[in-house]
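Please read the structure below before turning to the comments.
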Amino acid sequence: MTDNVEATSEAAEQEAAGGDLDVQLAQDLIERAREQGVSLVGPDGLLAGVTRTVLQMALDTEMTEHLGYAKGDPTGRGGGNHRNGTSPKTVQTEVGPVSIEVPRDRTGRFEPQIVPKHSRRIAGFDEAIIS
């Protein structure tokens, strides 16, 4: 019984510490935005920038998973399919329009999941990031 209480207590402490880290990170971002004169909302705002970064990182990770090797990794040489640049795309999010670069592969088989082909609206994306 005491082991369960201790484990629950440790888990609660770790969750609280992670929550504190998230709060500190958010405060740091907001403070940096204020210092640089960046607004919180709007096309060039902090929220749009964070959304753009998360989407871009997710797309790059999806491409890495699709190809089976990281960008610049010599493992992919001579494998047939490889990265083939990007295509610009503007998606509508809860924070407004966000411009991203969708990666392409040589064979054209890459199907992004976070921003599906022919999709311009990402509903619920912000809730997924916050949770």
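Read-outs: derived from the displayed coordinates by stated rules, not from any lab. These figures come from a predicted structure and were not determined experimentally. Counting neighbours? That spans all protein chains shown, and the Cβs are built from the backbone with ideal geometry, glycine included.
Taking Cβ atoms as reference points and 15 Å as the exclusive limit, the residues near LYS117 contribute a net charge of +1, counting Lys and Arg as +1 and Asp and Glu as -1. On the beta carbon distance between ASP28 and ASP60, with R0 = 30 Å, the FRET formula returns roughly 0.80.
Annotation for the stretch 41-114: trypsin sites (Lys or Arg not before Pro) lying in DSSP loop with at most 13 further Cβ atoms inside 10 Å of their Cβ are LYS71, ARG77, ARG109.
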